[in-house]
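A short worksheet on the structure shown next.
Every number in this text was worked out from the coordinates using simple rules, so none of it is lab data. Keep in mind that this is a model prediction, so the values were computed, not measured. Here the Cβ positions follow ideal geometry from the backbone for every residue, glycine too, while neighbour counts run over all protein chains shown.
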Amino acid sequence: MSVNKINYPISKSQYISFTRCSNSFYLINQNLHQKENHLHSGNLEWHEFHDLCTSIFENTIQIPRTISKAEQKLATEEAVTQRKTILGGYFESSSYFTHIECLLPDSEGEGWTIIDFRPIGSNKLEIYRSFFFQKKLLISLGFIISDCKIFRVNSSYVLEFDKVDSNKFLHIESVVEKLTREEVRFEEEWKAFSEFQNEPIFPIHDGNLPTCNSPKVCLVQTECFGESLERYEIFELREGQELPKKYFQMGIRTFAEMPDEDLSPTQRIQKHCHMTNEAYFDHAQLAQFFDNVTSTVAFLDFESINPLIPIYKNSHPFQHTPFLFSLHIWDSIRDVVTHFSYIHPPDQYDPRKEILAQLVANVPKDVTIFSFNDFFEKKIIEELVANFPEHFDFWNSIQPNFKDLALPFKKFWIYSPKQKGKASLKEILPAFSETTHTGLSIRAGQDANYQYLRLLKKQVTLEEKNRVLEDLVAYCKMDTYGLLILYKMIKEKLNPIC
């Protein structure tokens, strides 16, 4: 493949892409691949978070994104000459460009502080790379950068009143010290980045330049590798880390070709399953795990929102607040299945009290309760009871009854080659039954989170609201029904030796 020259100017996001994968940078720079914008709850809260950040400042100039970049640049340059606090400024050299959330002039001297608004609870290395890029660009334009600060979410903040207190909600910190500690690493990355611009190479799969940790996660496999990699078994290896990439470079494509000495005991089980096309059941471990399970069993699943800006009193940022649950109960002796679900009307404010009341009324206190990754369900109920301690006895009575139905699949006591190395409920269910989430409008917890938050923000029509509520209930119901199906399947496998 012929390699084109790099297009200039290069954006900050393109630079960040290079630090992850040089192939990705090249494709984005050449307009051969467009990044996908995934909908998530943060999209709905960004403007509100931005307003909380900017409320700290006075005498600001906002550079609108609605005008052309040339106009943004001129407006930014004029604001710089006036020594104003610049919000959304656009800065460009012949080689690079970036928007900066806030550029604050020092009260004394000619220095400036770069400020980034990040709706997150903790810092990541990528954030420091972002500051590094912006600082390097501004210094090249003649700016004196005295400080770099991040405005992020104070995760321990608790909403006490109806309105968020921005001074308590925001955590403001300087990252200069961290940038200094990472300077050698970032300068080495920048050197490689500069050299790549002079002599771009595409595609590259090894060497000193950054590439995807696993080719399987590559978003543009046909461009980088000349083919789709979906059909190669090596990328289905559970907990393989660098092994699949190593095998691919060695020309190994199937489980049969993998050397046993490279594999862990669970990976050898997986290899055997794929080679024989048969499912694996560790009957001894399963029998022990399901020992003392009651004849009547329950299956519980919650859907929740975890807004970065607290909505309800006595809640904190990113706290999961349940708005919906589904409960299937199976009396195995009579072979009777009952189902109950509750979704809180989005226009009735705080769902927590009513959700807990419905749980108390409907969850049996003397039966085994299965959830998938039950840490989440238990934490939800524990936090509900912390707000409504009158129901502590209920929680105390059911807490010992929980069992995590994800555990047998995580531990490889059960595995089917149809799972393709995955252990999510959405992958496991169709591997052992005819039941699937396919066809549902909502198929993931993140989607449910996003859709219900849309209802709270009143960003839907009445017709769409009713449809979303029905879709949410159907999705949550499918999760608990899927758990019931899996439990019945396992029970049937164990019956011959019980």
Simple Cβ-charge dipole of region 140-267, Lys/Arg +1 and Asp/Glu -1, about Cα centre, in debye nearest 20: 360 debye
In order through region 279-289: 3J(HN,Hα) via Karplus (6.51 cos²θ - 1.76 cosθ + 1.60), integer Hz, x for Gly, Pro: 6, 10, 9, 8, 4, 5, 5, 5, 4, 5, 5
Among the listed pairs LYS84/LYS163; LYS379/LYS488; LYS136/LYS178, those beyond 18 Å (Cα-Cα): LYS84/LYS163; LYS379/LYS488
Set of aspartates and glutamates near LYS124 by C-alpha distance (under 16 Å), chain-local residues within fewer than 8 positions excluded: ASP116, GLU173, GLU177, GLU182, GLU183
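So which trypsin sites (Lys or Arg not before Pro) in region 197-298 end up in coil per DSSP with only 12 or fewer other C-beta atoms within 10 Å? Could the numbers behind the result be given before it?
Details: sites: LYS216, ARG231, ARG238, LYS245, LYS246, ARG253, ARG268, LYS271; in loops: ARG231, ARG238, ARG253.
Taking region 197-298 and a limit of 12 other Cβ atoms within 10 Å, the loop trypsin sites (Lys or Arg not before Pro) found are ARG231.
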Pairwise centroid distance, computed over Cα atoms, of region 381-458 with region 95-114, Å: 45 Å
Cα-Cα P(r), the chain, percent of pairs per 10 Å interval: 3, 15, 20, 23, 21, 12, 4, 1, 0
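Quote the relative contact order of the chain in percent (integer), defining contacts as alpha-carbon pairs under 8 Å separated by 6+ residues.
Numbers: 723 pairs, mean separation 65.3, N = 498.
Here the relative contact order equals 13 percent.
Determine by what factor the alpha-carbon radius of gyration of region 99-236 differs from 2.2 N^0.38 Å, reporting the quotient. Intermediate values should be presented prior to the final figure.
Working: Rg = 20.3 Å, N = 138, 2.2 N^0.38 = 14.3 Å.
Cα-based Rg divided by the globular estimate yields 1.42.
Excluding ILE86 itself, calculate the net charge of residues whose Cβ lies under 11 Å from the Cβ of ILE86, where each Lys or Arg counts +1 and each Asp or Glu counts -1.
-1
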J(HN,Hα) series, region 10-23, from Karplus relation 6.51 cos²θ - 1.76 cosθ + 1.60, nearest Hz, glycine and proline x: 9, 7, 4, 5, 5, 4, 4, 4, 4, 5, 8, 7, 5, 5
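For the chain, what is the mean residue ellipticity at 222 nm derived from helices alone (per DSSP H run of n ≥ 4: -39500 (n - 2.57); sum divided by total residues; nearest 500 deg cm²/dmol)? Mind dumping the intermediate values first?
Values: 19 runs with 207 residues, N = 498.
Rounded to the nearest 500, it is -12500 deg cm²/dmol.
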Rg to Rh quotient for region 399-472, alpha carbon positions, Kirkwood Rh: 1.12
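Over all alpha-carbon pairs in region 354-458, figure out the percentage whose distance exceeds 23 Å.
Details: 2489 of 5460 pairs.
Looking at region 354-458, the distances longer than 23 Å represent 46 percent of pairs.
Label region 71-126 by shape, choosing from rounded, prolate and oblate, from the square roots a ≥ b ≥ c of the eigenvalues of the Cα gyration tensor; if a/c is under 1.5 it is rounded, and otherwise prolate applies when a/b is larger than b/c, oblate when it is not.
Oblate, because a/c is 1.5 or more while a/b does not exceed b/c.
Net charge within 14 Å of GLU199 by Cβ-Cβ distance, Lys/Arg positive one each and Asp/Glu negative one each, not counting GLU199 itself? Let's see the in-between values first.
On the way: positive: LYS5, LYS191; negative: GLU195.
With Lys, Arg at +1 and Asp, Glu at -1, the neighbours total +1.
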Gyration tensor (alpha-carbon) shape descriptor, region 246-344, a/c threshold 1.5: oblate
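Please identify every one of the trypsin sites (Lys or Arg not before Pro) in region 123-179 that sits in a loop by DSSP and has no more than 15 other beta carbons within 10 Å of its own beta carbon. Walk me through the numbers on the way to the answer.
Values: sites: LYS124, ARG129, LYS135, LYS136, LYS149, ARG152, LYS163, LYS168, LYS178; in loops: LYS124, LYS163.
In loop regions of region 123-179 (DSSP not H, G, I, E or B), the sparsely surrounded trypsin sites (Lys or Arg not before Pro) are LYS124, LYS163.
Taking the Cα centre of the chain as origin and charging only Cβ (+1 Lys, Arg; -1 Asp, Glu), how large is the dipole, in debye to the nearest 20? Intermediate results must be reported in sequence, preceding the final value.
Numbers: 54 positive and 67 negative charges, 102 e Å.
Computed charge dipole of the chain: roughly 480 debye.
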Residue-by-residue Karplus 3J(HN,Hα) for region 482-488, coefficients 6.51, -1.76, 1.60, Hz, glycine and proline x: x, 4, 4, 4, 5, 4, 4
Rounded to 10°, Cα long-axis angle of helix 41-54 versus longest principal axis of the chain: 40 degrees
Region 363-438, relative contact order in percent, only Cα pairs under 8 angstrom and at least six apart counted: 31 percent
